[in-house]
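The values are calculated or read from the model by the stated rules, or taken from the named source; none is laboratory data. Values in this document were obtained by computation on a predicted structure and should not be read as measured data. Note that each Cβ is placed from the backbone with ideal geometry, even for glycine, and that neighbours are counted across all protein chains shown.
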Amino acid sequence: CLQQAKEVIPSAQHKETPVYLGATAGMRLLRLQNESAADKVLSSVGSTLRSAPFNFQGARIITGQEEGAYGWITINYLLGNFKQVSGWKRLLHSLKSLSETSGALDLGGASTQITFVSKDLSSESPENQLYFRLYGKDYQVYTHSFLCYGKDQALQQKLARDLQATWIDFCFQTMENSSLPDPCFHKGYERTINISDFFKNPCTSDKKKQLPFSQLYIKGEGDYQKCRESIQKLFDKSNCPYSSCSFNGIYLPPLQGDFGAFSAFYFVMNFLNLTSEQNPLALNKVTSTIESFCARPWQEVKTAYHHIKEKYLSEYCFSGAYILSLLENGYEFTENNWQMIHFLGKIGSSDAGWTLGYMLNLTNMIPAGEPARPPLSHGSYVGLMVLCSLVLVSVLLFAWLLFHKPKCLQKGIV
């Protein structure tokens, strides 16, 4: 990245170009597991960036709430939803509802975030509320980040649950036959897991069991329906202390407006050819597409997509099923509002994601108040003068006709 930056940015501007580093959920997990190790990583990266010819502004681990908010800022900035308007358009713009901003759905390897403007935010869960003033307009935003619910950590959680559910059976197995059938991998696929490493993860450590073997052999079944049933157990819907919840007892107001789904949401659905904006698919079609993909034998899939690394390819079935479970069972999207979701890789030439929002916030490139501006632009001024001139000419012509009528038109007038 640094080498590319050196090539793209003119050398004369290197010293005045600020560089920021924000670390997300992977580092949040490492900090939970080993805080000193996380500090060492940041220190090492900071040393490298300070040695570069740019103006390094520091490195830090951002919170999940910040990650969600920066993603929301990014997509709405790129979509032009924050742009101030002038002249006669200002009145029309002021009549727009705040729901015309887009919500943000972000999925990484270790966490997922949902952020959107809501008119229904109450005092039930103030920790999930953020307030922004951008271009003189106030935004009340709901946001929440679910650590351990990124696609990679969700898979680890699912495997740990499966192990936990069948650990008694495993107690009677030997090293040679310690295998676990898994419906979320293609039939014919096999994977080996090191048990000691598996339970070191903060997302799985609470499910640790003593097993009589050191390795576990995963064997794929390729059964989408069983996979969904297994995944849905990750979302605890049994307890909601608020008027409405997503999962695990977390407050979620009613969904409003369109949503941009990016990062792994986009990468997985794009691989499955489910991201078309021209011909958006209904939820049942999306479901059947993922189900058909999961049913394909591993050897067939491996041959068809030989250019993709095996680890990533083997997990697309799980990831597709997990995304549907997260959106439907977690975030409460349904057949009726499914097409509110737009899977975004890029907006224009810019990547959808939290990084641009992070930079915009740190550099104050989006003002809180609306910038002072002349009442009319040059073009508007010229247009208005032309209009006034035409009106004036029309009035003068009417007056001339009124007081200089031909005599033939005055006959009969007493």
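With the condition kept exactly as written, say whether any residue in the range 325-339 is modelled with pLDDT under 95 and on the phi > 0 side of the Ramachandran plot.
no
Do we have Tyr312 as hydroxyl-bearing (Ser, Thr, Tyr), within 19 Å of Gly150 (Cβ to Cβ) and exposed (fewer than 14 other Cβ atoms within 10 Å of the Cβ) here?
yes
Rundown of residues vs (1) farther than 24 Å from Asp351 by Cβ; (2) in contact with a Cys (Cβ under 7 Å, 6 or more places away or on another chain); (3) of a type outside the set (S, T, N, Q), yes/no style:
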{"site": "Arg31", "(1), (2), (3)": "yes, no, yes"}
{"site": "Asn34", "(1), (2), (3)": "yes, no, no"}
{"site": "Val45", "(1), (2), (3)": "no, no, yes"}
{"site": "Ser51", "(1), (2), (3)": "yes, no, no"}
{"site": "Phe54", "(1), (2), (3)": "no, no, yes"}
{"site": "Ala59", "(1), (2), (3)": "no, no, yes"}
{"site": "Gly64", "(1), (2), (3)": "no, no, yes"}
{"site": "Glu67", "(1), (2), (3)": "no, no, yes"}
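Of the residues that sit in the range 45-65 and are part of a helix (DSSP H, G or I) and modelled with pLDDT of 95 or more, which one is nearest to Ala23 (Cα to Cα)?
Checking each candidate, the answer is Gly64.
Which ones in the range 110-148 are over 21 Å from Ser244 (Cβ atoms), in a loop (DSSP other than H, G, I, E, B) and in contact with a strand residue (DSSP E or B) (Cβ under 9 Å, 6 or more places away or on another chain)?
Selection gives Ala110, Cys148.
Can you tell me which residue in the range 185-207 is farthest from Leu155 (Cα to Cα), limited to those that are surrounded by fewer than 16 Cβ atoms within 10 Å (Cβ to Cβ) and without any contact (Cβ under 8 Å) to a residue 24 or more places away in the chain?
So, considering only residues that are surrounded by fewer than 16 Cβ atoms within 10 Å (Cβ to Cβ) and without any contact (Cβ under 8 Å) to a residue 24 or more places away in the chain, the one farthest from Leu155 (Cα to Cα) is Ser196.
Working only within the range 243-284, note down all residues that are assigned to a loop (DSSP other than H, G, I, E, B) and surrounded by fewer than 15 Cβ atoms within 10 Å (Cβ to Cβ).
Hits for the range 243-284 are Ser243, Ser244, Gly249, Pro254, Asn273, Ser276, Glu277, Gln278, Asn279, Ala282.
When the range 217-242 is examined, which residues are found to be among the β-branched types (Val, Ile, Thr) and part of a helix (DSSP H, G or I)?
Scanning the range 217-242 gives a single hit, Ile231.
Results for (1) surrounded by 20 or more Cβ atoms within 10 Å (Cβ to Cβ); (2) of a type in the set (S, T, N, Q); (3) touching a helix residue (DSSP H, G or I) at 6+ places or on another chain (Cβ under 6 Å), shown as yes or no for each residue.
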residue	(1), (2), (3)
Ala321	yes, no, yes
Leu326	yes, no, no
Gly330	yes, no, no
Glu335	no, no, yes
Gln339	no, yes, no
Lys346	no, no, no
Trp354	yes, no, yes
Tyr358	yes, no, yes
